[in-house]
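Written out below as structure tokens is the structure these notes cover.
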Amino acid sequence: MSKPVELTDTNFDDEVLKSDKPVLVDFWAEWCGPCRMIGPVVEEMASEYDGKAKIGKLNVDFNPNVSVKYGIRSIPALLIFKDGEVVDQIVGAVPKTHLVKQLEAQFN
């Protein structure tokens, strides 16, 4: 079972911007209730999309540089990257079907 990639200010460029697959990044924090609600969905998607897309989590409390670079002001914020560019952004705890739809749109 695949787990989300733990993203940091240090590995973000290599893991996300240079990825040859679409990447869903969950910007979160321990103290954020809605982040804890969406966390299990992100975990499930990491397994379901193993080999097709990369799913990662970035703790905003410990990685301020990436969070500031992408203007993260509310969490959870989920950004979808393709070819090193942000192609979609979802803010708040949304249903899994919504996340799947947004991610699958990048496979076309």
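We did not get these values from a lab; they are worked out from the coordinates using the rules stated. What you see is a predicted model; the values in this text were computed from it and never measured. We place every Cβ from the backbone using ideal geometry, glycine too, and count neighbours over all the protein chains shown.
Counting lysine pairs in segment 5-107 that sit 8 or more residues apart in sequence, or on different chains, and whose Cα atoms lie under 25 Å apart gives 27. Against the set [x] 0.95; [y] 1.36; [z] 1.03, the structure's computed Cα Rg over 2.2 N^0.38 Å falls on [x]. Of I80, A53, N63, whose Cα points farthest to the positive end of the dipole of segment 43-93 (charges on the beta-carbon: +1 Lys, Arg; -1 Asp, Glu; origin at the Cα centre)? About the Cα centre, the residue reaching furthest to the positive side is N63. Under a Cβ-Cβ cut-off of 10 Å, what is the net charge of the residues other than P76 that fall near it, where Lys and Arg count +1 and Asp and Glu count -1? With Lys, Arg at +1 and Asp, Glu at -1, the neighbours total +1.
Loop only per DSSP, at most 13 neighbouring Cβ atoms within 10 Å: give me the chymotrypsin sites (Phe, Trp or Tyr not before Pro) in segment 1-97, ordered by residue number.
Numbers: sites: F12, F27, W28, W31, Y49, F62, Y70, F81; in loops: W31, Y49, F62, Y70.
Counting only loop positions with at most 13 other Cβ atoms within 10 Å, the chymotrypsin sites (Phe, Trp or Tyr not before Pro) in segment 1-97 are W31, F62.
Summary of packing: across the peptides 34-41, 95-102, the per-residue average of other C-beta atoms within 10 Å ranks them, highest first, as 34-41, 95-102. Positive contributions from Lys and Arg (+1) and negative ones from Asp and Glu (-1), summed over other residues with Cβ under 10 Å from the Cβ of L17, come out at -4.
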